[in-house]
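K.L.:
Dumping the structure here so I can ask a few things about it.
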Amino acid sequence: MSSQFQRRDFLKASAALAAVNLLPSRVQAASANGVLRTAHIGVGGMGGSDLNSVSSHKQVEVAALCDVDAARLKGASMRHPNAKTFVDYREMITALGDQIDAVVVSTPDHTHAPAAMRAMLAGKPVYCQKPLTHEVFEARQLRKIAEQKKLVTQMGIQVHSSNPYRRAVQMIQSGVIGKVSQVHAWSGKNWGYDGAPPISSSEAPPTLDWDLWLGVTSDRPYMPGHHPGSWRKLIDFGTGTLGDMGVHIFDTPYAALELTAPKWAKTTCRPPTGYGHPERNLVEYEFPGTKHTTDSMSWKWYDGSFAPPKSDELDLPADLKLPSQGSLFVGEGGYMLLPHVSEPVLFPQKKFADYQPPVIDGQNHYHQWVDACLGEGQTSASFSYAGPLTEALLLGVVANRFPDTKLEWDAAALEVTNLPEANKLIKREYRKGFEVENLS
Ligand SMILES: NC(=O)c1ccc[n+]([C@@H]2O[C@H](COP(=O)([O-])OP(=O)(O)OC[C@H]3O[C@@H](n4cnc5c(N)ncnc54)[C@H](O)[C@@H]3O)[C@@H](O)[C@H]2O)c1
């Protein structure tokens, strides 16, 4: 199938998503010879995978690599020996200036906003891993800077471009199950930690620059059990299971139903410990209605041992076994189950026996961003879309610090209206040198 055909087909499919891509990102980057010179911040773990995926585009030249862990930096540098290497992303962006065209941010969540903001202030398009930010405030700021500078942006929710998820969006928007009144979404993963903080040790591994790893957060002695990976369980660095998996699983219903900001969020979980996210959460939201929903829309998220929800609670066929991760749309005329990541299934099966799902061609989420940077097409998960999605999601993460309390949300003011202490968790105190700008 020709790439021209795929692009036309994609544009047709993305017309359905136009309302969520409120302000399409436009072309900013492209070095003179049609090559995109990329700089990568965080090149181990998912960063290594992002590096492979972006550089698999034939018009990409990897110009710079940055990581606070020398061992991880060395591994990436061996694969891209011509790329300049850095430990501090701030130095990289300042030193390289016009020698780079675009930036990929694949660090732990707490570093997404300061790194992406710095790159965008320098006029660089950004691919940023999910969730877009650690703080609600930061998601708003990244969206603002992207829109003000009209930068090409993409959040790293690659399943957003996958066939099953794009097909599910079209099916819901075609009205196949009627107006949707409820969404249930879940992940049986546990990115929480209910225990006590580990005993601090004074020595970080010799390859790790702990101070730069901490970045925005307050200075503190080296702690094991943070880097790599396990930071996602801890409140200062990660966003728990809801931030980690919810952003993927929340994404399709959010896009399909064209949701905006929630009216409120409430979490059922254990009391806060000041250290780890709860190991299991039930998060409830109410969203204002849209043209695809009933007058208001109820959303429930289940993680850890709360997941999956019990089929009898959902009035589903008794023999239906829910997958360990996924979502269920409850419509006026049926249900759609969307296992993560697999094809949507409609219920009652008898009613939909003759249903023909729409045919969709695959998209490469990474190449979509590179192509858009080079002036072709647009991204499907720009910060205009990813910002509000992340804000909604993170409100649920804030709510897990105030169990069983409804947080009434004024999205325009970025404010919890009924619990002033919750507003301290909408924006963090930034360590000097790592601030995230407050844009008007
Ligand atoms: N889209 C997906 O499917 C997917 C999958 C896994 C992870 N992720 C996301 O990718 C990000 C990274 O997750 P991970 O599991 O790879 O974490 P990780 O801890 O394994 O890796 C993070 C990398 O960033 C480096 N790093 C940390 N702070 C840095 C800084 N200030 N400057 C430069 N480099 C820094 C680390 O040394 C490490 O190499 C997270 O935001 C996570 O949510 C996305």
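K.L.:
Read through the list (1) at pLDDT 95 or above; (2) away from the ligand (no atom under 16 Å from the Cβ), then give the number of the only condition that W210 fails.
P.N.:
Every listed condition holds for W210 apart from (2).
K.L.:
I've got another one for you. Examine the range 306-314 for a residue that is among the hydrophobic types (A, V, I, L, M, F, W, C), assigned to a loop (DSSP other than H, G, I, E, B) and farther than 23 Å from L389 by Cβ, and state whether such a residue exists.
P.N.:
No - not one qualifying residue is present in the range 306-314.
K.L.:
Kindly list the number of the only condition in (1) surrounded by fewer than 23 Cβ atoms within 10 Å (Cβ to Cβ); (2) over 15 Å from V68 (Cβ atoms); (3) under 20 Å from the mean Cα position of the chain (by Cα) that fails for L259.
P.N.:
Failed condition: (1).
K.L.:
Could you figure out which of (1) in a loop (DSSP other than H, G, I, E, B); (2) surrounded by 13 or more Cβ atoms within 10 Å (Cβ to Cβ) isn't true of N423?
P.N.:
Condition (1) is where N423 drops out.
K.L.:
Still on this structure: In the range 171-204, how many residues are assigned to a loop (DSSP other than H, G, I, E, B), touching a residue at least 24 places away in the same chain (Cβ under 8 Å), at negative phi and not hydrophobic (A, V, I, L, M, F, W, C)?
P.N.:
Number satisfying all stated conditions: 11.
K.L.:
Do you know which residues across the range 73-118 are touching a residue at least 40 places away in the same chain (Cβ under 8 Å), assigned to a helix (DSSP H, G or I) and over 21 Å from E437 (Cβ atoms)?
P.N.:
The answer is Q99, and nothing else.
K.L.:
While we're on this one: Of everything in the range 303-341 that's out of contact with any Leu (no Cβ under 9 Å at 6 or more places or on another chain) and surrounded by 15 or more Cβ atoms within 10 Å (Cβ to Cβ), which residue is nearest to N190 (Cα to Cα)?
P.N.:
Across the range 303-341, the extreme among qualifying residues is G304.
K.L.:
Going by the structure shown, is T217 within 16 Å of the ligand (Cβ to nearest atom) and within 16 Å of the chain's Cα centre (by Cα)?
P.N.:
no
K.L.:
Inside the range 267-309, can you point out the residues that are charged (D, E, K, R), out of contact with any Gly (no Cβ under 6 Å at 6 or more places or on another chain) and under 24 Å from H340 (Cα atoms)?
P.N.:
Matches in the range 267-309: E284, E286, K300, D303.
K.L.:
For the range 220-245, name all the residues that are within 10 Å of the ligand (Cβ to nearest atom) and either loosely packed, with under 12 Cβ neighbours inside 10 Å or not in a loop (DSSP other than H, G, I, E, B) (or both).
P.N.:
Those that are within 10 Å of the ligand (Cβ to nearest atom) and either loosely packed, with under 12 Cβ neighbours inside 10 Å or not in a loop (DSSP other than H, G, I, E, B) (or both): S230, W231, R232, G243, D244, M245.
K.L.:
Considering only residues of the range 126-170 that are closer than 25 Å to L374 by Cα and among the β-branched types (V, I, T), which is surrounded by the fewest Cβ atoms within 10 Å (Cβ to Cβ)?
P.N.:
Going through the qualifying residues, I end up with V159.
The values are calculated or read from the model by the stated rules, or taken from the named source; none is laboratory data. Just so we're clear, the structure is a prediction, and the values are computed from it rather than from any experiment. Virtual Cβ from ideal backbone geometry, glycine too; neighbours counted across all protein chains shown.
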